[in-house]
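Peer 1: My questions all concern the structure below.
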Amino acid sequence: MATVGFIGLGNMGGPMAINLVRAGHSVTVFDLSDVACQQLADAGARVAGSAAEAAVGMDYVLSMLPAGKHVAATYLGEDGLLAQLESTTTVLDCSTIDAATARQVGEAAAALGVGFMDSPVSGGVAAAAAGTLAFMCGGSADTFEKGRLILKDMGRNIFHAGPAGAGQVAKGCNNMLLAIHMIGTCEALEMGARNGLDPKVLSEIMLASSGRNWSLEVYNPYPGVMEKSPASNGYKPGFMVDLMVKDLGLAMEIAGQCDFDNPMGQLARELYSQHQQAGNGQMDFSSILKKLQD
Ligand code: NAD
């Protein structure tokens, strides 16, 4: 069993850290929120007074923070964690952030001899609680081998995408495609419904045909087709529109860095941004159907 410092105990980090406690690891946590820390204390973790106190001397340091600026502030600079860690510590940042910051932190870690891997996840709060997340990792082969020994206690599929930053690129590609096929699925279902088809029957037809995709199969956006989908529960998230807009912004940055024109991704971002600005940021991302219906 390992010693783990866990920083960032929000909707995702909280249940992930609890799974590490349950797996028998010695977990020390830090979050700016006392409430979040208390939940982990109740689950059996030790609460530190600072990120450094949670991280220094641990086998692993994990973080699950909102955005690149939080990750950079936590790890970089003279006061940052990297400067205080020993080479025996492996750092896994599971936040969804821009690939450029992930590469920057990876390079700084390499210069100091600390193993670092960006390890963003696919799967929402339910998967974090169930320990069934997918991890997309960017780092050296050595760091990946060490990292997966602990990631396996929070997830089911652990992929080595390439060097530092590659995990964030994989996440950006995946979520851009998710947005595109969700919008496409909504369009097809609405077009069928307006022509008198039952969305449930049309879903069955497309699931057995070449239109089959994840949005249709496990996350049907049409209310009433799938009992447990957010669509059948008032579009309660699930995966919020706000987070999809964030992820599409990161995908556009990735495209921009390689001078790649991605018209479908750009349109998906525009549609989701409009949907967010209309006051739907806190709704599940499958509610984009309502925008098409309006
Ligand atoms: P959240 O806002 O619920 O949690 C973030 C936590 O980080 C908060 O508890 C906050 O207090 C803490 N924090 C912020 N700055 C800190 C600092 N400097 N030191 C210590 N703690 C700090 O967010 P979340 O939903 O848990 O998402 C975290 C990351 O996971 C994001 O990058 C998000 O894009 C990604 N993600 C979220 C989901 C989802 O469905 N929620 C799914 C996949 C990926």
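Peer 1: Spin-label point model (7 Å from Cα, Cβ direction): what's the Ala67 to Ser87 distance in nm?
Peer 2: 3.6
Peer 1: For segment 1-94, run through the GluC sites (Glu not before Pro) and keep only the ones in DSSP coil with at most 15 other Cβ atoms within 10 Å of their Cβ.
Peer 2: Loop-located and lightly packed - Glu78, Glu86.
Peer 1: Let me ask another. Using the alpha-carbon atoms, what tilt in degrees (0 to 90, nearest 10) does helix 34-43 show relative to the longest principal axis of the chain?
Peer 2: For 34-43 against the chain, the angle is about 80 degrees.
Peer 1: Within the chain, what's the longest run with no trypsin sites (Lys or Arg not before Pro) in a DSSP loop and at most 15 other beta-carbon atoms within 10 Å? Give the range, please. Working shown, then result.
Peer 2: Details: sites that count: Lys152, Arg212, Lys228.
My reading of the result: 1-151 is the longest stretch.
Peer 1: What is the chain's relative contact order, in percent, from Cα pairs under 8 angstrom and six or more apart in sequence?
Peer 2: 13
Peer 1: Would you work out the relative contact order for segment 30-176, in percent, from Cα pairs under 8 angstrom that are 6 or more residues apart?
Peer 2: It rounds to 18 percent for segment 30-176.
Peer 1: Something else about it: With label points built 7 Å along Cα→Cβ from the Cα atoms of Glu187 and Asp79, find their separation and express it in nm.
Peer 2: 4.9
Peer 1: Could you give me D for the chain, from Stokes-Einstein at 10 °C and 1.306 mPa s, where the hydrodynamic radius is the Kirkwood radius over C-alpha pairs? Units µm² s⁻¹, please. Please report the intermediate quantities before stating the final value.
Peer 2: Working: Rh = 19.9 Å.
This corresponds to a translational diffusion coefficient of 80 µm²/s.
Peer 1: Which whole-number percent of Cα pairs in segment 169-293 have a distance greater than 22 Å? Let's see the in-between values first.
Peer 2: Numbers: 2563 of 7750 pairs.
Pairs farther apart than 22 Å: 33 percent.
Peer 1: Helix 241-257 sits at what angle to the longest principal axis of the chain, using alpha carbons and giving 0 to 90 degrees rounded to 10?
Peer 2: For 241-257 against the chain, the angle is about 70 degrees.
Peer 1: What ranking do Cys173, Cys137, Cys94 get, fewest neighbouring Cβ atoms within 10 angstrom at the top?
Peer 2: With the fewest neighbours first, Cys173, Cys137, Cys94 line up as Cys173, Cys137, Cys94.
Peer 1: Tell me, in nm to one decimal, what length is gained between Lys200 and Val125 on full extension, where the rule is 0.36 nm per residue of separation less the Cα-Cα distance? Could the numbers behind the result be given before it?
Peer 2: Values: separation 75, 0.36 × 75 = 27.00 nm, distance 2.69 nm.
Contour length minus the Cα-Cα distance gives 24.3 nm.
Peer 1: Ok, one more. Post the alpha-carbon centroid distance, segment 1-42 to segment 216-294, in whole angstrom.
Peer 2: 29
Peer 1: Rounded to a whole number of µm²/s, how large is the Stokes-Einstein D of segment 3-164 at 10 °C and 1.306 mPa s, given Rh as the Kirkwood radius over C-alpha pairs?
Peer 2: 105
Only the coordinates and a few stated rules stand behind these numbers; no lab work does. Treat the numbers as computed from the prediction; the structure is a model and nothing was measured. Every residue, glycine as well, gets a Cβ built from its backbone with ideal geometry; the counts of neighbours run over all protein chains shown.
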